[in-house]
Each structure stands twice: as C-alpha cells, then as structure tokens.
Amino acid sequence: MNLEITIEDPRWLDLEGLSRKAVTTTLRHCGLDPEFCEVSVLGCGDARISELNSEFRGKPAPTNVLSWPAEDLAAVAPGGSPARPTADFTGETPLGDIAISYDTCKREAENAGKAMKDHVAHLIVHGVLHLLGYDHIRDLDATLMERTEVEILGKMGIDDPYNV
C-alpha cells in the first residue's frame, strides 16, 4: 500500500501505525487490495484543520477529520453501494487525502470516555469510507456508512462507537 503520512503536529505519536491498520482493514473489508491503493493522511491540529475546513467547505471551524476523494464514487440511489474506484495507468488506485486534527480527536475521545487510539482509528476508517464514496448526508447513506464502520471496527477489536 502506498500510504503517505505527513505529521504537522508533533503530538501525533503513532498516527502511521493507526492509519496503516485502519486503512488496510477498511480496504480489505470493501474488497480492495491495499497493495494497489494510494492514500495520504495529514496529522495536524485544530488551527490547520480550521483553515482546511474553511477553504474547502466554507466552515471556518475545527473538525475531527476531512477527506478529499480522488474520484466521486457516491451511490446514485440513497443507501446504495458506492461505485468501485478505478486504477490509473500504473495499476495503482489513488483514493485521495485525509486530514485529522489531534486537538478535536483528543477532546472528543475524552468527552466520550474512549481511548484516543480507538477514536482515531474510527475517524481514519470514516475518512477512508468517504474516499470510497460513502457518505452520511442522506439517512439511508448514513445507515449504510455507520453499519460499515461498525463492521470494520469490529474486525479491529474496537467496540461499536454508536452504541454509547
């Protein structure tokens, strides 16, 4: 797998290991061979993710995770399966980029009484699913995405984050 990790915030100590496990598990769950997929992850803080959120979504506030899919794979029908990503001329499948904020992740994990590593793994899974065309704007899509997240996290030994 071509996994590019950029650490802008030094508090991210094991982002590479958490990302590798979450990305690999997600891709395999979705029937993709991680060896031929490309994903980029940026570990930053609230200041940087606020800039990105403002620039790309028009929301000048921090958020936990953002994603930029390489191609639009969203299902046409609500609750439908997203399209499969396509490989480029090299045989690699570029999926896109994810940014994750340490500050927001830490705050959310503490507020929910969850282990930081489990929450980060969940958010990386969430981000990869966005790269693969999953979304949570329409109710049926949200149900599919959450169910898929729970299945993937279960494979990673992480409890259902929605069953609180």
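The values are calculated or read from the model by the stated rules, or taken from the named source; none is laboratory data. Just so it is clear, the model here is predicted, and its values are computed rather than measured. Positions of Cβ are backbone-derived with ideal geometry, glycine not excepted, and every protein chain shown enters the neighbour counts.
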request  = Look through V120, V128 and report the one residue that is touching a Cys at 6+ places or on another chain (Cβ under 6 Å) and modelled with pLDDT of 95 or more.
outcome  = V120
note = Of (1) of a type in the set (A, V, I, L, M); (2) outside any helix (DSSP H, G or I); (3) within 17 Å of the chain's Cα centre (by Cα), A87 satisfies every one except (3)
task = Would you kindly identify the helices (runs of 4 or more DSSP H) lying entirely within the stretch 96-164 that contain at least 2 residues that are of a type in the set (D, E)?
result = 102-112, 139-155
ask   = How many of the residues in the stretch 45-80 are farther than 10 Å from A99 by Cα, of a type outside the set (D, E), outside any loop (DSSP other than H, G, I, E, B) and touching a helix residue (DSSP H, G or I) at 6+ places or on another chain (Cβ under 8 Å)?
value = 1
inquiry  = Suppose we filter I152, I100 for residues that are modelled with pLDDT of 95 or more, surrounded by 20 or more Cβ atoms within 10 Å (Cβ to Cβ) and in contact with a His (Cβ under 8 Å, 6 or more places away or on another chain); which single one remains?
reply    = I152
request  = Might you let me know whether the stretch 25-43 holds any residue that is of a type outside the set (S, T, N, Q), in contact (Cβ under 8 Å) with a residue 60 or more places away in the chain and part of a loop (DSSP other than H, G, I, E, B)?
outcome  = yes
Residue that is surrounded by fewer than 19 Cβ atoms within 10 Å (Cβ to Cβ), modelled with pLDDT of 95 or more, over 15 Å from the mean Cα position of the chain (by Cα) and among the β-branched types (V, I, T), where the choices are T93, T143 = T143
